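Take a look at the structure set out below.
Nothing in this text is a laboratory measurement; each read-out follows from the coordinates by a stated rule. Every value quoted in this text rests on a predicted model; they were computed, and no experiment measured them. Glycine also receives a Cβ, built like all others from the backbone with ideal geometry; neighbour counts cover every protein chain displayed.
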RNA sequence: GGCGACAUGGCCAAGUGGUAAGGCAGGAGACUGCAAAUCUCUUAUCCCCAGUUCGAAUCUGGGUGUCGCCUCCA
């Protein structure tokens, strides 16, 4: 059983049942989780960020609860969009897909999105896909059309359209799709698309695959249809039945309904996934963000202005199913929230002798994890006592309760604010330590990184070496000779701060202000503290 | 045409039957040589109308408005 200290049960909204169901893994404590990954034909945008941050939080929270999570996320590296883009660029599809796969990895890492247990690439599962297609044809759920396309016959699956919540008649009534004469039914979808080899420029293994190579001689060379990859990868790596299948709202229909149809028709196991979860979209100033409207921001662009914590906070202040409106005011608000806490945490930690006994903040964070996740009291305290026990249960229970309510991250963030205040405003050392460690640990469950010191818009201090030397030369020409001694930028800054402290002590306001303004000019903001040394931060 | 979501203070956003979390911004004060940072205090009756109820932001009906899916999209 998962290590839980509370009686709360995790409830997750299930699109399949349209209610927030109590989550119970099929093979407790193992959780099998599959997330539909990106089609790698372009840069990842804010919508991707929301999607993968959302499921990252679910992944982290499940682990926090003590579950053993097997999390598979795919890379769709075979798709018409990839072929088209590659043709436009005049490059090989595999090269294009490879490039954007690497970009995706880079950007996810920068966003502090944890790697899944396993990442699967569609092109590496052609065999399992063909195997499923063959089974579906054999069972009468799919057929080979006159043009050799293999279609799934939707009327053969009587529960078709269950996620969408509409029956076949309604779907057809509102059909805006042109009827393909090859299809037996308008809603039938392709499992395997034949390739026209007459041109002679297509590359095997990139634009098409020969089923004969996989022992499927009944199909012609071609490429997989849109939906079969997820079914095949999920089945191969996680088995016929899984606990969680997640993705964007737009995937509900037809993608996920098609996955259900083909998987369940193939394996005979129902339900294919116990729980289907979908994250809401990102809008831009009230409008849908889409490539056709050209109003999307890539994650890489955003990261030049806002840090990963800011983007995450912006996303998590909304419940994951609600639409999120992207606008600069909201991002700026998020940035202020992050900055205030990130900076103050480090300032206070450095000034706290008690905390310093644990070494670096990273070391402290490790102890915090041992304490909060594993309930190891000795990680942070001499011994457990009743007060600590009560507070542990109370603080952890509160966080777990909020998150167990279908991942109510806005309320979990409100908890974080309270813990932050407990650290910065309360006086009792034990309570402060409790709150600070809880803040670090619970924020990490939400995927924040407050342990790494903040890096502001000013970038590396080294970049301002010359300016610092010049300033030091101006305000203290006697003791510190510019350009000598190989002083690091940091020691230069410390020397300047020391000079200012002397100037202030002797009421030499001119020099003091000169230093403050001079540093301000290169983006360094000084923070004078009432009872402590002057610290600095990027403005 | 079919299906669905949402409407809470200046902005963002929880709450879903017992009289409105949190954040950001703003205002006042403390601190400061002056600032900044920090700290303290501080701002709403929940789109409109009708109904159910002892009691509704929270349920029901109607209205208005915004948005999404049904076509590639996270």
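Here region A:205-221 is scanned for amide nitrogen atoms under 20 Å from the site 7 Å beyond the Cα of residue A:184 along Cα-to-Cβ, giving A:218-220. Label-to-label distance for residue A:514 and residue A:340 is 3.6 nm, based on points extended 7 Å past Cα in the beta-carbon direction.
Relative intensity of region A:272-330 on a log10 scale, I(q)/I(0) at q = 0.13, 0.20 Å⁻¹, equals -0.40, -0.84, per a Debye sum over C-alpha point scatterers of equal strength in the absence of solvent.
Below 8 Å, C-alpha to C-alpha, sequence gap of six or more: please give me the relative contact order for chain A in percent.
Working: 775 pairs, mean separation 79.6, N = 539.
With pairs under 8 Å counted, the relative contact order is 15 percent.
Please report the base-10 log of the normalised intensity I(q)/I(0) for region A:203-286, using a Debye sum with one equal scatterer per alpha carbon and no solvent, at each q in 0.14, 0.18, 0.23, 0.26 (1/Å). Ignoring solvent entirely, the Cα scatterers give -0.61, -0.86, -1.10, -1.23.
Rounded to the nearest 10 degrees, the angle from helix A:93-110 to the longest Cα principal axis of chain A is 40 degrees.
Region A:205-236 and region A:412-445 have Cα centres spaced 52 Å apart.
Sorted by average packing, counted as other Cβ atoms within 10 angstrom per residue and highest first, what order do A:119-130, A:378-389 take?
Working: A:119-130: 20.8, A:378-389: 12.4.
Answer by packing, highest mean first, reads A:119-130, A:378-389.
Taken along its principal axes, the alpha carbon cloud of region A:333-424 reaches lengths of 35, 30, 19 Å, longest axis first. Taking every DSSP bridge with both residues inside chain A, close to 45 percent are antiparallel.
Debye calculation, C-alpha points only, no solvent: report log10 I(q)/I(0) for region A:261-402 at q = 0.10, 0.11, 0.16 Å⁻¹, in the same order as the q values. The computed values of log10 I(q)/I(0) come out as -0.63, -0.73, -1.04.
Going highest first, how would you order A:280-288, A:32-40, A:343-351 by mean Cβ packing within 10 Å? Intermediate values should be presented prior to the final figure.
Numbers: A:280-288: 15.2, A:32-40: 24.6, A:343-351: 17.4.
Put in order of decreasing packing, that is A:32-40, A:343-351, A:280-288.
Considering just Cα atoms, how many Å³ per residue does the convex hull of region A:219-332 enclose? Before the final figure, lay out each step's value.
Numbers: hull volume 18.0 nm³, N = 114.
Cα-based convex hull of region A:219-332, divided per residue, equals 158 Å³.
Between residue A:501 and residue A:431, the modelled label-to-label distance comes to 3.1 nm, taking each label 7 Å out from Cα in the direction of the beta carbon.
Take every Cα pair under 8 Å in region A:239-330 that's 6+ residues apart, average their separations, divide by the length, and report that relative contact order as a whole percent. Write out the running numbers ahead of the final one.
Values: 86 pairs, mean separation 29.4, N = 92.
Relative contact order here is 32 percent.
Within region A:461-538, all pairs of alpha-carbon atoms sorted by distance into 10 Å bins from zero give the percentages 19, 57, 22, 1.
For chain A, the longest principal axis of the alpha carbon atoms and the long axis of helix A:409-425 meet at an angle near 10°.
Our estimate of slack between residue A:22 and residue A:250, defined as 0.36 nm per intervening residue step minus the Cα-Cα distance, is 79.6 nm. Restricting the calculation to Cα atoms, every distinct pair contributes to the Kirkwood radius of region A:369-520, found to be 19.1 Å.
May I ask for the angle, rounded to the nearest 10°, between helix A:465-475 and the longest principal axis of chain A, with both axes built from Cα atoms and the value confined to 0 to 90°? Its long axis makes an angle of about 20 degrees. With contributions of -39500 (n - 2.57) from each DSSP H run of at least four residues, the per-residue ellipticity at 222 nm computed over chain A stands at -14000 deg cm²/dmol.
The shape of chain A can be summarised by an equivalent ellipsoid whose semi-axes, obtained from the alpha carbon gyration tensor, come to 53, 29, 19 Å from longest to shortest.
Subtract the Cα-Cα distance of residue A:353 and residue A:110 from 0.36 nm times their separation in residues, and report this length gain in nm to one decimal.
Values: separation 243, 0.36 × 243 = 87.48 nm, distance 3.19 nm.
Length difference between fully extended and current span is 84.3 nm.
Here the contact order of region A:302-445, divided by its residue count and restricted to Cα pairs under 8 Å and six or more residues apart, works out to 24 percent.
Calculated FRET efficiency, residue A:89 to residue A:304, Cβ-Cβ distance, R0 = 35 Å: about 0.90 to the nearest 0.05.
Thinking of region A:11-279 as a set of Cα atoms, what percent of all their pairs are more than 30 Å apart?
Working: 10530 of 36046 pairs.
Looking at region A:11-279, the distances longer than 30 Å represent 29 percent of pairs.
Value of Rg to Rh for region A:1-105, rounded to two decimals, is 1.12; Kirkwood radius and Rg both from alpha-carbon coordinates.
One chain, two ends: residue A:417 and residue A:393. Fully extended at 0.36 nm per residue, the span grows by 6.8 nm beyond their Cα-Cα distance. For region A:58-170, the fraction of C-alpha pairs more than 25 angstrom apart is 51%. Each residue, residue A:330 and residue A:295, gets one label point 7 Å from its Cα in the Cβ direction; the gap between the two is 1.2 nm.
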